[in-house]
1. Starting from the eigenvalues of the Cα gyration tensor, five times each then square-rooted, give me the equivalent ellipsoid semi-axes of the stretch 56-181, largest first, whole Å.
2. For the chain, what are the DSSP H helices with axial Cα length of 24 Å or more and mean Kyte-Doolittle hydropathy of at least -0.5?
3. If the only charges are +1 at each Lys and Arg Cβ and -1 at each Asp and Glu Cβ, what is the size of the charge dipole of the stretch 206-267 around the Cα centre, to the nearest 20 debye?
4. Charges only on Cβ, +1 for Lys and Arg, -1 for Asp and Glu: so what's the dipole of the chain about the Cα centre, in debye to the nearest 20?
5. Please compute one quarter of the surface area of the Cα convex hull for the stretch 108-254 and express it in square nanometres.
6. Looking at the chain, identify the longest residue range that excludes and avoids all GluC sites (Glu not before Pro) in DSSP loops having at most 15 other Cβ atoms within 10 Å.
7. Work out, in µm²/s and without decimals, the Stokes-Einstein translational diffusion coefficient of the stretch 189-289 at 10 °C, 1.306 mPa s, Rh from Kirkwood over C-alpha pairs.
8. Mind telling me which of Val223, Val283, Val247 comes out most flexible in a GNM of the chain, alpha-carbon contacts under 10 Å?
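Here, each number is a calculation from the coordinates, and none is a lab measurement. Predicted, not measured: the structure shown is a model, and the values here were computed from it. Here the Cβ positions follow ideal geometry from the backbone for every residue, glycine too, while neighbour counts run over all protein chains shown.
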Amino acid sequence: MTTTVYFATNRIANHPADRPENYTFFMTAPDNPLQVTYGTAFVDSAGLTADTVGAIRSIQDLQKGGFSQTAYDDLAEGGRNILVFIHGFANSFEDALTRAAFNREWLAQSGVGEADTTVVTFSWPSRGQLLTPLLTLPYRSDQKMAGGSGLPLMRFFANLLPILQKARANGRRTFLLTHSMGNLALQGAVQAWFDNGNGDAEMFDHIFLAAADIVDDAFDQAVTNSLAPLSGLGRRITILHNRRDQVLDKLSETLNFCHRLGQDGPRGGGDATLFPPATYRMVDCSGFKDYDTGFSGSHQYYRRSDGVRAEIAALMGA
């Protein structure tokens, strides 16, 4: 089975001269922070599981500045809802695209019709490693890259907006799913969106923030790159958190000296004035044990747990 993944990235393409069609190795961020490359990938998703990477079979319509007309038409006029996915840390370009394919197929298997989507992913320049050969942590490098990807992600949203508006006019629903450190890039993009004079734009019917590796005061209006304005870009926002997430508990909180949004949800999350139930939902995933709850697995519950998948899919269909 092959899954189509539409993508945008602010990585640099490193493609061998003797294989000009091979654009699968995007390693580092460009000097121009606004440079975003768009394309369409075909991913071999047959037998793809939560523990396998999968394979990119081919990439087409690669260009800078926006999607090709073919991709634009496929997304805007297609028969499925649209899922936009932003990956977390320690994800190579290949990881990002094959994980997007997995998420698409995983949610489609839920049996909820609204969760059978066309997937679009934004891949920021993670090094794709949890540990280097010298046993150093690339975490800080990834954190810097994610934090510096706000402007490119904002540009991606701006190019995606007319596609989403047309899809919604055609009766389709649109979703955003961000995982782990991808939420740091989202913070920068939301701030850049409004700092650059853009107003509210209901891009998404539902936004899902999963295992967010950002400070738990991220929705405070007073903090830098506050996520409070995110409600201007989406009708509903669901925050999935997990006290058993060992990556956030043992790695991220230790390195950052502060509690993370994905551990217990936002500060003041129970205050209906700060987080009106009509807009916000908090889903505590700590009780789900139907997946690998080891160190790295515990951070992936959003795509490993059948129970969590059912929660996400049900909300997509609500």
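1. Ellipsoid semi-axes (Å, largest first): 28, 17, 13.
2. 150-169
3. 240 debye
4. Dipole magnitude for the chain comes out near 100 debye.
5. Computed as one quarter of the Cα hull surface, the answer is 10.2 nm².
6. 22-201
7. For the chosen part, D equals 112 µm²/s.
8. Highest fluctuation among the options: Val223.
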